[in-house]
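S.K.: First, the structure itself, so that you have it in front of you.
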Amino acid sequence: MKKLFLSLSLLAGITATAQNPFVQTWCTSDPAPMVHNGRMYVYTGHDEDGADFFWMQEWRVYSSEDMVNWTDHGSPLALESFSWADDRAWASQTVERNGKFYWYICAHSRISKGMAIGVAVSDSPTGPFKDAIGKPLFENGSWDHIDPTVFIDDDGQAWIMWGNPRVYYAKLNEDMISFNGEVKNLDMTEEAFGSPSMDKREKGKKYKDSYVEGPWLTKRVGKYQLLYAAGGVPEHISYSTASSPTGPWTYAGEIMPLSDTKSFTNHCGVADYKGHSYFFYHTGKLPGGGGFGRSVAVEEFQYNADGSFPTIMPTDEGVKPIANFNPYQKVEAETMAFSKGVKTEQNDEIGVYVSDIHNGDYIKLQNVCFDGNVTQQFTAHVASGLRGGYIEVRIDSLGGKLLGTLEVPGTGGWEKWQTLTANLTERATGTHDLYFAFKGRKGPKLFNFDWWQIHGLPMREVENGGQGPYKAIMKEEATLLAHTVFVPQDLSKFSKKNPLPVLVWGNGACTNSPWEHYKFLNEIASHGYLVLATGYIPMEEKPYRGPMSTTEQQIESIDWAIAQNSDKSSPYYNKIDVKNICVAGMSCGGLQTLYNCADPRIKTLMICNSGLFKQTNRAQAVGGMPMPDKSKLKDIHTSIIYILGGKEDIAYENGMDDFHQISHVPCCATNYPVGHGGTYRQPHGGEFTVVALNWLNWQLKRDKQAARMFKGNDCELSKRQGWTIEKNALFDKLK
């Protein structure tokens, strides 16, 4: 495969800080965006390397969730897909209807010897695609049937337009592969497009613009907009508007004026995605590129208040990421924000993979979020015909911090794949650009690269992140071993002015894992809390088997939260409300909580299905439990709630005895008749979550609505089915 050798002079105008062109592995043209299932897809042409005309044999697909890291889906459609086509795989567009994807193309027809409009279909946006009808959708031997655009209107009617230097249009039937009526032409007038059709132009008259090719039909604020390449050679992008697809059209002006794009043609498409508006076009800015070696690019823009287009200028910087990239998943190596030197290939077994890797080449991904999840290992699926090489894993720049290096040996063939793993010796936290720098002998091809994954500490999304306003995650932190953290996934919502209160939790039976309580704790976190549970993360639906937890682990949680809030390198810096900490626990965890109750950093206590043993029943305790006597209750210096399972709860007698002995701080005892197991394992923690969350919202967030659950003779909890509540004399004075 032909290699493009990139000299420093050629790279001068395109650097690793740029986003445009957003595909560097191949020359791509005529971008056509389509949004589907929360992902942006872009369908492109493919200019052959070193071409001296529009020699194009296939179409390609790229997609992204963040608008900067693009996955190459290869070429699911080519001239060979159409028995009637023999040359010139030019501009195209794909649309979805009724679960199928229709890819409208133009190509030279071996039947009519002119250009023709065709259509392919697939059940997937990335193919495989096949010719939908086995013949052209339209042809008549003319050369001007190029650049189709398709638009499905609000009433469900689909329209198709194409043409150079005039616009053909037709209605499509519901099946999307046949016409509803005749193919007609738009009136190519000066009012419509800035100048009339070429045969009607007055000699010597200067017109303000002219339609050339590449139509793109869309609609905004009830008005149809037809974007197109305009002006002749070189081309700029203009548009016209109408109240109907059939016109009359009115020229509306330029969108992308002439500028130094290194390409004498241009072709655009627009799409809205995740609250942003994007304008796609092509340049000739790849090394070795130009008018016949084009490269797709994108700019973000905002419509004017009336829905019209602003002026959009091409940039090398391109767009900003709109989401973080997760490295803790299997990532196709052909997903990249920028690359140097590499190409992509595909086969039926592997799909698309990165090839043509030489010493000094690299791949970059933008906005990769490690988010406190410590990097431990790097795994890659690779193949090498003979000599192999190395993959350096770095952050921030090509010469940035080296996390680790994977050695790739010769595997016995360019498609003899092996999965290899290397330890990452340096830690990465927060958001960084991620680089894979390829090293080896100078000159020869080193290896092929299929996919990669960075392994960090375990994490798990519970019940779709919970029902609260902040989607939560359950994970481990390397700086807090033998603990499980429940926290909102998007920490950007929290700050010094809006910090996360803390719930420290101890588990039943002194188990060193919150496997019984993770639904309950995750739900609390989803309402804007940092929850620090004693013990190892429960990744499977089975009981923990291992050593018991200790009382010291709750203190470790408090120490950690305070330290993280002060650590400028921590993702939790200035985001934790260290003045509002609740320590809580169930059964043995409740005993651990009472053992630690004197800690002055505690704002409130929550004792669940627990209470200190009386002298008369201490023999019921399990070995290893903390066993302070009732005098420990005098160390409580905060408000405290008991959440018990009614008289069937084995801890009911101890918990209620605690309640009756506590008179020096506000205290209440609540009961729900479900026994000792509570409702923790029910969806989102069941009824116990309702009471616990209202207590936390009141005591840690000063939520007056939550206070109504407990305060007053007719408090909301007393009216809630199944619940009872008792309060001591100080309780209703609690603010």
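The values are calculated or read from the model by the stated rules, or taken from the named source; none is laboratory data. Bear in mind that the values here come from a model prediction, so they are computed numbers and not experimental data. All Cβ positions, glycine included, derive from the backbone under ideal geometry; neighbour counts span all protein chains shown. Quick note on the areas: whole protein, heavy atoms, side chains included, nothing else; ligands and nucleic acids left out. Shrake-Rupley method; radii C 1.70, N 1.55, O 1.52, S 1.80 Å.
S.K.: Which is out of contact with any helix residue (DSSP H, G or I) (no Cβ under 6 Å at 6 or more places or on another chain), part of a loop (DSSP other than H, G, I, E, B), among the small types (Gly, Ala, Ser) and open to solvent by less than 30 Å² (accessible area, probe 1.4 Å), of Gly318, Gly410?
M.R.: Within the list Gly318, Gly410, the selection yields Gly318.
S.K.: Would you please name the residue that is farthest from Gly589 (Cα to Cα), looking only at residues in region 553-575 that are open to solvent by less than 10 Å² (accessible area, probe 1.4 Å) and of a type in the set (A, V, I, L, M, F, W, C)? Quick ask: steps written out before the conclusion?
M.R.: Pass one, region 553-575, residues open to solvent by less than 10 Å² (accessible area, probe 1.4 Å): 554, 557-558, 561, 572.
From what's left, of a type in the set (A, V, I, L, M, F, W, C): 558, 561.
Working: Ile558: 15, Ala561: 19 Å.
Taking the candidates together, the pick is Ala561.
S.K.: Also, quick follow-up: How many residues are assigned to a loop (DSSP other than H, G, I, E, B) and surrounded by 21 or more Cβ atoms within 10 Å (Cβ to Cβ) when one looks only at region 637-660?
M.R.: 3
S.K.: Take the residues of region 26-60 that are among the β-branched types (Val, Ile, Thr) and crowded, with 24+ Cβ neighbours inside 10 Å: which is nearest to the chain's Cα centre (by Cα)?
M.R.: Val42
S.K.: Out of region 106-128, which residues are on the phi < 0 side of the Ramachandran plot, part of a loop (DSSP other than H, G, I, E, B) and open to solvent by less than 20 Å² (accessible area, probe 1.4 Å)?
M.R.: Gly114, Pro125 - these are the residues of region 106-128 that are on the phi < 0 side of the Ramachandran plot, part of a loop (DSSP other than H, G, I, E, B) and open to solvent by less than 20 Å² (accessible area, probe 1.4 Å).
S.K.: For the subset of region 529-548 comprising residues that are open to solvent by less than 10 Å² (accessible area, probe 1.4 Å) and either hydroxyl-bearing (Ser, Thr, Tyr) or in a helix (DSSP H, G or I) (or both), which member is nearest to Leu480 (Cα to Cα)?
M.R.: The selected residue is Thr534.
S.K.: Does region 74-81 contain at least one residue that is touching a residue at least 40 places away in the same chain (Cβ under 8 Å), part of a strand (DSSP E or B) and more than 15 Å from Phe22 (Cβ to Cβ)?
M.R.: Scanning region 74-81, I find at least one residue that is touching a residue at least 40 places away in the same chain (Cβ under 8 Å), part of a strand (DSSP E or B) and more than 15 Å from Phe22 (Cβ to Cβ), so the answer is yes.
S.K.: Could you list, in sequence order, the residues of region 141-165 that are in contact with a Gly (Cβ under 9 Å, 6 or more places away or on another chain) and of a type in the set (Gly, Ala, Ser)?
M.R.: Result: Gly141, Ser142.
S.K.: Hey, can you tell me all the residues within region 150-165 that are open to solvent by 10 Å² or more (accessible area, probe 1.4 Å) and more than 24 Å from Glu190 (Cα to Cα)?
M.R.: Phe151, Ile152, Asp153, Asp154, Asp155, Gly156, Gln157
S.K.: To continue, here is another question. For Glu213, indicate whether it is modelled with pLDDT of 95 or more, of a type outside the set (Phe, Trp, Tyr), crowded, with 20+ Cβ neighbours inside 10 Å and in contact with a strand residue (DSSP E or B) (Cβ under 7 Å, 6 or more places away or on another chain). Break it down stepwise before answering.
M.R.: Working: modelled with pLDDT of 95 or more: yes; of a type outside the set (Phe, Trp, Tyr): yes; crowded, with 20+ Cβ neighbours inside 10 Å: yes; in contact with a strand residue (DSSP E or B) (Cβ under 7 Å, 6 or more places away or on another chain): yes.
For Glu213, the condition - modelled with pLDDT of 95 or more, of a type outside the set (Phe, Trp, Tyr), crowded, with 20+ Cβ neighbours inside 10 Å and in contact with a strand residue (DSSP E or B) (Cβ under 7 Å, 6 or more places away or on another chain) - is met.
S.K.: Continuing with this model, one more query. So, in region 481-503, of the ones that are assigned to a loop (DSSP other than H, G, I, E, B) and of a type in the set (Lys, Arg), which residue ends up surrounded by the most Cβ atoms within 10 Å (Cβ to Cβ)? Break it down into steps so the answer makes sense when it comes.
M.R.: The initial filter retains those residues of region 481-503 that are assigned to a loop (DSSP other than H, G, I, E, B), namely 481-482, 489-490, 494-499.
Applying the additional criterion that residues be of a type in the set (Lys, Arg) yields 496-497.
Details: Lys496: 11, Lys497: 6.
Going through the qualifying residues, I end up with Lys496.
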